[in-house]
1. Can you tell me how many residues in the range 107-136 are of a type outside the set (Val, Ile, Thr) and either assigned to a strand (DSSP E or B) or in contact with a strand residue (DSSP E or B) (Cβ under 7 Å, 6 or more places away or on another chain) (or both)?
2. Out of everything in the range 69-93 that is without any contact (Cβ under 8 Å) to a residue 60 or more places away in the chain and not charged (D, E, K, R), what residue ends up being surrounded by the most Cβ atoms within 10 Å (Cβ to Cβ)?
3. Of all residues in the range 180-203, how many are touching a Phe, Trp or Tyr at 6+ places or on another chain (Cβ under 9 Å) and not in a loop (DSSP other than H, G, I, E, B)?
4. Please pick out the residue among 168, 134, 127, 175 that is over 26 Å from residue 88 (Cα atoms), open to solvent by 20 Å² or more (accessible area, probe 1.4 Å) and modelled with pLDDT of 90 or more.
5. Inside the range 178-203, can you point out the residues that are surrounded by fewer than 22 Cβ atoms within 10 Å (Cβ to Cβ) and acidic (Asp, Glu)?
6. Can you say whether residue 139 is polar (S, T, N, Q), closer than 24 Å to residue 188 by Cβ, in a helix (DSSP H, G or I) and at pLDDT below 90, as far as the supplied structure shows?
7. Being surrounded by 15 or more Cβ atoms within 10 Å (Cβ to Cβ) and polar (S, T, N, Q): is that true of residue 104 here?
8. Test residue 117 against the criterion of being within 26 Å of residue 148 (Cβ to Cβ), at pLDDT 75 or above and hydroxyl-bearing (Ser, Thr, Tyr), and give yes or no.
Amino acid sequence: ELEAGDEVRTLEISAAPIRDDDGAIVSAVAVVADVTRRSRSEEQLRFLARANELLVASLDWERTLAAIAELAVPALAGYLVIDLLDEEEELHWVVAVHADPEKTELVRELRGQYPPTLSTHPIQVALRTGEPQLLPDLQAEAEAMAHDTKHARAIRKIANTSGLVAPLVARGRTLGTISLGTIEGQPRFDESDLEMAMELARR
């Protein structure tokens, strides 16, 4: 019985018979393949190819980043935020998109009220370490990201399943981060999604 937030996966099962010396079938070996993961990997490859086309098509970086966000949401994530560091090393969001237009406004409003300045925030950890951050359960991790309980509730409202953050690095310099989050009905991010996020950040 499924409950809210449960992830549905598609499995492909095939069987190969095992025969004895007389050719009679005595057993079988079953092979189970996770079709959900395979389809998701194929979708990620298509997304990266399309993102690459957008990146080389225009020198207008603001328009390009917005187009990539629209491409990613909701195909790969429920929301996407790109933050860039200014000359004073202060972080500012430049793109913020949510699958729910009303929550897009909430994301932008929250970033103005509660910038991700806490040392425990995954964005700050990614900036400091240069390593992507996986958040498999945003419900549990909201407190570490929040300035107060009101902020934690808002985080859970925006993306209540999983998230990841990848640093944007060019020529050895960290320029900002890209953050993605999943919402109900989407597969949770796992370790295999970090490489996709890092590849997008590299491009």
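The values are calculated or read from the model by the stated rules, or taken from the named source; none is laboratory data. It should be emphasised that the depicted structure is a prediction, and the values quoted were computed from it without experimental measurement. Quick reminder, even Gly has a Cβ in these numbers, built from the backbone with ideal geometry, and neighbours come from all protein chains shown. Each accessible area value is taken on the protein alone, full model and side chains, heavy atoms only, with ligands, DNA and RNA left out. Shrake-Rupley method; radii C 1.70, N 1.55, O 1.52, S 1.80 Å.
1. Of the residues in the range 107-136, 12 are of a type outside the set (Val, Ile, Thr) and either assigned to a strand (DSSP E or B) or in contact with a strand residue (DSSP E or B) (Cβ under 7 Å, 6 or more places away or on another chain) (or both).
2. First pass over the range 69-93, keeping only residues without any contact (Cβ under 8 Å) to a residue 60 or more places away in the chain: 69-71, 73, 75, 86-90, 92-93.
Those still in the list that are not charged (D, E, K, R) too: 69, 71, 73, 75, 92-93.
Details: 69: 22, 71: 16, 73: 20, 75: 14, 92: 12, 93: 19.
The extreme case among them is 69.
3. Result for the range 180-203: 5.
4. So the residue among 168, 134, 127, 175 that is over 26 Å from residue 88 (Cα atoms), open to solvent by 20 Å² or more (accessible area, probe 1.4 Å) and modelled with pLDDT of 90 or more is 134.
5. 184, 190, 191, 195, 199 - these are the residues of the range 178-203 that are surrounded by fewer than 22 Cβ atoms within 10 Å (Cβ to Cβ) and acidic (Asp, Glu).
6. Details: polar (S, T, N, Q): yes; closer than 24 Å to residue 188 by Cβ: yes; in a helix (DSSP H, G or I): yes; at pLDDT below 90: yes.
The answer is yes for residue 139.
7. Values: surrounded by 15 or more Cβ atoms within 10 Å (Cβ to Cβ): yes; polar (S, T, N, Q): yes.
Yes.
8. yes
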